[in-house]
Amino acid sequence: MRRLEPFPNLVTMFFTRAGQKGDAPFLWRKLDGRWQPLSWRAVAEQVSALAQALRRIGLTPGDRVMLVSENRPEWCIADLAIMAAGCVTVPTYTTNTERDHAHILENSGARAVIVSTDKLARTLLPAMLRSSQAAALIGIEPLRFAQSGSVDFHDWHRLIAAETPDVAATAGAANFGRDDLACIIYTSGTGGAPRGVCQHHGAILHNVAGCTAIISDDFGWDDEVFLSFLPLSHAYEHSGGQHFPIGLGGQIYYAEGLDKLAANIEEVRPTIMVVVPRLFEVLRQRMVKAIERQGGLGPALLRRALALGGKDLAGRMPLWDRPMDFFIGRTLRPKVQKRFGGRIKALVSGGAPLNPDIGVFFHALGLTLLQGYGQTEAGPVISCNRPAAGLKMDTVGPPLPDTEVRIADDGEILVRGELVMHGYWRNPAETDRVLIDGWLHTGDIGELDAAGRIRITDRKKDLIINDKGDNVAPQKVEGILTLQPEVLQAMIYGDRRPYIVALIVPDPEWTAEWAIANDYRCDFRALADNPQYRAAVMAAVDRVNQELSVVEKIRRIIIADEPFTVENAQMTPSMKVRRHILRDVYGARLDALYKG
């Protein structure tokens, strides 16, 4: 089967594919109601021109360039051009706060920023003006500022138009190796401050080669079509939704947004989709409702399909079930497959844990769902389920080729190979904590089954990963909450969930003052059900939300029955929250916040 060539760096991989594909379509966007492409040749020329422009405005090899943009063709062009100029890409989320931007600018030492829109620049510019090094701001769309201060403004289109692209020279100048730094991707640590993961070219190329082997061996490598909608600032989409398609010589369509995703899927007809579990949950709900609304045989066939899908995955499909499975394969499954465009080879789930029931559901309806596992610190893909190895929805599959995985004595999953980062940017203490003798200590607890597939059983670290794969450091948010006069203690909750909720212990002194002022008896438990009291506590939470990024914001709360103490086992002697105890006590009530 076909294998990815051993490229020296990501830039060479791109220019090699561009030379092979020429005028074939590469990047697609929807304009005026029509999907319009940029060819590989046109993208290569823009990458070359922008790389030349970055050098002309004073950037030198090794300089960091922050990239703040929603998914669009310019994101890919900018990323490739930054690297082609010998610089290092620093992707950041469009939902970042001014404080987030300030931390990343200062920590990375970025000398320039590329931003897509004037709206995003409004949050970014104040952080740039306080930055010690960021001096150039390049706007993909026009930026409307009356005064720039210490920041030099540049227009994307003028920068590119001023250059005569020399693709051969730009490609030839990409003389860096697999060990050289490609990008710094910031991810939340348990302490709260985002850490910059240093991803070298080889780490991402290792991921691309491993994923290519899976597609080639299990599905056949053809003219692949991807639909990009997860944020490209996330390592999962950056490697899996951009560089992987480049390695395959595939096409990338940029979705119009989550609200139009279902329509985009039917229009684009992708062959591979890189997704997070939350999307599967939403799609499952919509599909079940649609089948139930249609009535007739649909609901009964769905129930039979799910039962048969479970048996098939377990390898226990008896002969007498085969006629019904054949019937469902001719009636229900083609309708579902059509909603996904009709040519999906694989839906690849990663970024957060997947409920095995979701996997069974899509398998039963004729869609191949592969669950992967990884971390930003590992490229990010460590393992992935694959049909050739036998699909097991309670596992995350075998490790990628050329990836070593072992289980430590305490059950922690350890990883070694070219995919492992070289360290955290300017953070030797954290680097030494997670990289020991070449092994990445993932913080996840797991085991290897008899077939060599990884099964995740627990998380050693406290980091919350929501259902979109975003990381939230609980200590940071809880620390800000407890600075409020209304809040004595707090625990946030939301692993594998669409948003963050919180368990709050109101401050007793504040509670007493509030009760007197509002003519209520100061009964802690009785007040917990008082709408006015709950609104007063939520007002404190809303103040905190103003300081938090979108993924950190607390949407709903419950009030604890009593303070967390050592005596009730909800605190350790060193005054740390015992999360597993609190989840046991309040888990059902916290889960109820996601209903309705």
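Brief remarks follow.
- Only lysines eight or more places from LYS595 in sequence, or on another chain, were considered; those with a Cα closer than 30 Å are LYS260, LYS289, LYS335, LYS392, LYS460, LYS461, LYS468, LYS476, LYS553, LYS576.
- Among LYS21, LYS119, sorting on how many other beta-carbon atoms sit within 10 Å of each Cβ, with the fewest leading, yields LYS119, LYS21.
- In a reduced charge model with +1 at each Lys and Arg Cβ and -1 at each Asp and Glu Cβ, region 473-592 shows a dipole moment near 560 debye about its Cα centre.
- Placed amide H near VAL225: partners under 5 Å, 5+ positions off or other chain: GLN251, THR271, ILE272
- Less than 5 angstrom separates the built amide H of ALA182 from those of GLN199, HIS200, HIS201, all sequence-distant by 5 or more or on a different chain.
- Proximity of backbone amide H atoms, modeled 1.01 Å from N, is registered between ASP467 and ARG496, ARG497 at under 5 Å, excluding neighbours fewer than 5 places apart on the same chain.
- Cross-link partners for LYS345 among the aspartates and glutamates, with Cα-Cα distance under 15 Å and sequence neighbours closer than 8 places in the same chain left out: ASP217, ASP218, ASP222, ASP223, GLU224, GLU266.
- Karplus-derived HN-Hα couplings along region 215-232 (A = 6.51, B = -1.76, C = 1.60, θ = phi - 60°), whole Hz, x at Gly and Pro: 4, 5, 6, 9, 10, x, 8, 10, 7, 7, 10, 10, 10, 9, 9, 5, x, 5
- Net charge over other residues, Cβ less than 13 angstrom from the Cβ of ALA136 (K, R count +1; D, E count -1): +1
- Separation between Cα centres of region 521-590 and region 49-124, rounded to whole Å: 39 Å
- Based on alpha-carbon atoms, the Kirkwood radius and the radius of gyration of region 368-516 give Rg/Rh equal to 1.11.
- Fewest-first sequence of PHE26, PHE326, PHE524 by Cβ atoms within 10 Å of each Cβ: PHE326, PHE524, PHE26
- Of ARG284, ARG386, the sequence from fewest to most neighbouring Cβ atoms within 10 angstrom is ARG284, ARG386.
- DSSP beta bridge pairing in the chain, given as percent antiparallel to the nearest 5: 50 percent
- Per-residue HN-Hα couplings for region 194-209 [Karplus 6.51, -1.76, 1.60; θ = phi - 60°; Hz; x = Gly/Pro]: x, 9, x, 7, 8, 9, 8, 4, x, 4, 6, 4, 4, 4, 4, 5
- Rg ratio for region 21-100: its Cα radius of gyration over 2.2 N^0.38 Å, N being its residue count, equals 1.22.
- Answer label for Rg/Rh (Cα atoms, Kirkwood Rh) (calculated), chosen among (1) 1.08; (2) 0.98; (3) 1.04: (2)
- Spherically averaged projected area of region 473-592 from its Cα convex hull (nm²): 7.4 nm²
- In a simple Cβ point-charge model (Lys, Arg +1; Asp, Glu -1; nothing else charged), the chain has a dipole of about 1800 debye relative to its Cα centre.
- Phi angles of region 306-322 translate, via the Karplus equation with coefficients 6.51, -1.76, 1.60 and θ = phi - 60°, into HN-Hα couplings of 5, 4, 5, x, x, 5, 5, 5, 7, x, 10, 8, x, 4, 6, 8, 5 Hz per residue; Gly and Pro are given as x.
Read the figures in this text as sums done on the coordinates, not as results from a lab. From a predicted model like this one, the values you see are computed outputs, not experimental measurements. Please note: Cβ atoms are built from the backbone with ideal geometry, for glycine as well, and neighbour counts cover all protein chains shown.
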